[in-house]
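A short worksheet on the structure shown next.
The values are calculated or read from the model by the stated rules, or taken from the named source; none is laboratory data. It should be emphasised that the depicted structure is a prediction, and the values quoted were computed from it without experimental measurement. Cβ: placed from backbone, ideal geometry, glycine included. Neighbour counts: every protein chain shown.
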Amino acid sequence: MDFFNANMKVFLIAALSLYLLGWLFYLLKKKTPGHVLFICGWMVNMLIFSLNWIFSGAPPFGSMYHVLVFLGLCFFPLHIILRRRGDSGWTSAYFAFASALPLTGALFFDIDLPWRRMPALQSAWFVPHVTSYMVSYALATIAFSMMSVKFFRILAFHEKELRRYDEDAWQIIRMAFPFMTFGLLSGALWAEDAWGMYWSWDPKEIWALITWGLYLIFLHCRLAKAWRKYSDIAHVLAFAALLTTFILVNLLPRLSSALHSYA
């Protein structure tokens, strides 16, 4: 099994390398090789996810390694959907680069392929809950990266593009928010199914609610002209809360979540 785990890390490095190469070609305005490398990276990512599923014998969402692999898988299909909805393709570099980030993180977690679902995870809500959250997190990552680049554009005095960054980030968060809302609600239904209570004020539940609330405030700031000047602040706070929910709650002992320790 150690030999197999080592090979899985080789696959991870191959997938994230292809994603990064695709990103570089997009930056060089060479879209065709960028697309090819992005697709190849996604196919290797899909191979890793499929092997995780085969060796787990269940949907592989039970550890940070599993979830990060799946998160890396989400960006390419979302990119295709957004392009069909009218995106001209200029966001391709963001999606390619973002795909590599979770796979980089996955390298630092135990692979632990022979995983079995604990009783709490044997719920019909388990897969929809995790999937909806990963989709929302992927979209939120793209939106935040656009906002970050916008600030560099401000410093470089590229003011003509600022409205495009703002509008696209706003539209992506609008797309992400229903998935985040479903993730929160399905988590409550899952908790009732598994533990007999919809809400337990577990640290991860609290931070998930804070994240949802901050993104709701961001959406309100964008819609209300009087509040629009605060939208960037709300966006930064919301994404910081998202990172706390997804990463810090799992890693920091003081924030560790007893009911969500499997994640």
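Observations on the model:
- Test: residue in region 72-85 that is modelled with pLDDT of 95 or more, aliphatic (A, V, I, L, M) and crowded, with 24+ Cβ neighbours inside 10 Å: no
- Put simply, of 96, 138, 143 the only residue that is at pLDDT 90 or above, in the same structural domain as residue 241 (by TED's automatic domain parsing) and under 24 Å from residue 51 (Cβ atoms) is 138.
- Subset of region 53-69 (residues that are closer than 18 Å to residue 138 by Cβ and not aromatic (Phe, Trp, Tyr)): 59, 60, 64, 66, 67, 68, 69
- Applying the set (1) in the same structural domain as residue 240 (by TED's automatic domain parsing); (2) at pLDDT below 90; (3) exposed (fewer than 14 other Cβ atoms within 10 Å of the Cβ) to residue 178 leaves exactly one unmet item: (2).
- Of the residues in region 115-129, at least one is at pLDDT below 75 and of a type in the set (Lys, Arg).
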